[in-house]
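Step one of this worksheet: look at the structure below.
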Amino acid sequence: MITLNNVVKKYNQKVVLNDISFAIEPGQSIAFTGHNGCGKSTLLKVVAGLIQPTSGKVEYEQPFLFHYVPEHFPKMNFTAEEYLLFQGGMDGLTEGMVKEQIDCLSEDFFFENMLHTKMKHLSKGSLQKVGVIQALLKEPDVLLLDEPLSGQDVASQQVFIDKMNALRQNGVTILMSCHEPYLIDAITDWTYRFENGKLTAVKNEKSLEEKWFVLFFEKGLGAVVPEKCKGHLQFVEGGCKLRCSERYSNEIIVEMLNAGWNLRGMWNEDGV
Amino acid sequence: MKMVCDVIRYQYKQYMFSAKWVMPFVLLIAFVASFYSISPVEIVNSFAITSLVLFGVMTWVGVTTQELEPEVSEQILILRLKSERKYYICHILFLAVLCVIGIFVSMGIPLVKNLLVSGTMFSRKIEMLDVIGGFALLFACAFTGAMLGELFHVRVIKERTIAVGATFFVVVFAIVRSGLVEKYPMSRFLVWVVPPVSDVVSWFSNGSRFDMGKLLVGFTLLMLYAIIMAVIKVELLRLKKF
């Protein structure tokens, strides 16, 4: 678990993150939306420990392996393959394993023909693919995505969505700064909007089409988190909350009850 | 260990792809080639003078390698290694590798030339102890220079003119330190912060052989200064982050 406690970040007296407190559970997939420059990328870097908050604290339950897909991948003198080989090596993979992963991922992302091109000659979309592939060479504990689809072709976007959902099934935590509603819908459970440095939970676009509910469960004796619900729970005082669509609500309630949890509340997203 | 080697190899390749190495190493080669154009020379004295030049060159290398890695890929590497400290230590080791390359240039040229001119390059026959002593003195000076070059890091002092100016100022003081203290003894209370490069080098400027006791003291002293500068830089970067 990663916990942010009263995190404030100021740049030249401008407050970018204003007293942010929340907990990130393993396996959760969260999107942060908001205007350009509102602090989404800063928050991702604060969570990863790359930026020092002006005040407040970020606490980690254990040292996590973070992988990061930046918004703008730098142009470098390496060929894409050379760069990826080095990154895989630093991930602790053997040369054979890295080569296999590079072949597999570059084929998935329609990137095989670009592997031997110097990165300084790649287009923005192709560089972004290098950024995504380097992050997927080894499965991280937490994946940070900063506008991950910018410049990518439609087919690659779908591959990306499939890869992200596969990672979610493996319990990888995904934190994403993003503007595309369909991507938010496709790979995240929770969305937070940035406004004046504050975070507000908002509905996903999907919720405009179907009813969404928030379920509150109290932990019973010996309760465990069912496999299907892993990564979707938000732990709060006295239990946990879970957001689900109407069509899955019965199934999820049964799963949770069987796993030892007690249903204590159910609201639609307007709080009714 | 493999991970550390991978990071060093990665940075080395990144450095070689850039043009940043050309000027300092061309200058070093030019100096060594011209210095050893006259023979015979004193072995210890010639290595002592070369070590002062290598100190300056490696400071230059240290300054230019600060911005070798783009900020974003540096962040990716730090996250990948799960430790800022590990990343910065790898970078220091990479600089140590560059120091060794600098030593190969500084000692390799005269040694090869000595072979070509049937051992008449130096005033006497060169021995293994001379090579070991020369290597130790050159490495201590080179590494101190490299650590000094990285001390005023771009993320610690954003204003590059001030950072480069401050580095140049320290290099000059390090080179004139012993002379300054000799002429103005009170200045020792001010210049103790500057690495004692000229002091250590002056111990060997007149001897015909390396005094291993003095060499050990000098090596330890310079390495201590270098390590302190490295620790200050790493901790400042860890504190400051990005």
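Quick look at the values:
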| quantity | calculated |
| --- | --- |
| Yes/no for A:S41 being over 24 Å from B:M3 (Cα atoms) and more than 10 Å from chain B (Cβ to nearest Cβ) | yes |
| Test: residue in the range A:63-72 that is in contact with a Ser or Thr (Cβ under 7 Å, 6 or more places away or on another chain) and of a type in the set (A, V, I, L, M) | no |
| Failed criterion for B:V53 (all others in (1) in contact with a strand residue (DSSP E or B) (Cβ under 8 Å, 6 or more places away or on another chain); (2) in contact (Cβ under 8 Å) with a residue 24 or more places away in the chain hold) | (1) |
| Single residue of the range B:212-242 satisfying the filter (buried (at least 16 other Cβ atoms within 10 Å of the Cβ) and either among the hydroxyl-bearing types (S, T, Y) or farther than 20 Å from B:I89 by Cβ (or both)) that is nearest to the other protein chains (Cβ to nearest Cβ) | B:Y225 |
| Residues that are more than 10 Å from the chain's Cα centre (by Cα) and among the charged types (D, E, K, R), drawn from the range A:138-191 | A:K138, A:E139, A:D141, A:E147, A:D153, A:D162, A:K163, A:E180, A:D185 |
| Within the range A:103-152, tally of residues that are part of a helix (DSSP H, G or I), of a type outside the set (A, V, I, L, M, F, W, C) and surrounded by 21 or more Cβ atoms within 10 Å (Cβ to Cβ) | 5 |
| Residue in the range A:69-81 that is within 12 Å of chain B (Cβ to nearest Cβ), in a helix (DSSP H, G or I) and modelled with pLDDT of 95 or more present | no |
| Among (1) in contact with a helix residue (DSSP H, G or I) (Cβ under 6 Å, 6 or more places away or on another chain); (2) without any contact (Cβ under 8 Å) to a residue 40 or more places away in the chain; (3) within 14 Å of chain B (Cβ to nearest Cβ), the one test that A:L84 misses | (2) |
| Evaluation of B:V53 against (1) more than 10 Å from chain A (Cβ to nearest Cβ); (2) surrounded by 16 or more Cβ atoms within 10 Å (Cβ to Cβ); (3) closer than 27 Å to A:N77 by Cβ; (4) among the β-branched types (V, I, T) (one fails), failing number | (3) |
| Verdict on A:P53 being free of Cβ contacts under 8 Å to residues at least 60 places away in the same chain and either within 15 Å of A:L4 (Cα to Cα) or among the aromatic types (F, W, Y) (or both) | yes |
| Matching entry among A:I2, A:I20 (being buried (at least 21 other Cβ atoms within 10 Å of the Cβ) and touching a Gly at 6+ places or on another chain (Cβ under 9 Å)) | A:I20 |
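The values are calculated or read from the model by the stated rules, or taken from the named source; none is laboratory data. As the structure is a prediction and not an experimental result, all values here were calculated from the model. Cβ sites come from the backbone with ideal geometry, for glycine too, and all protein chains shown count toward neighbours.
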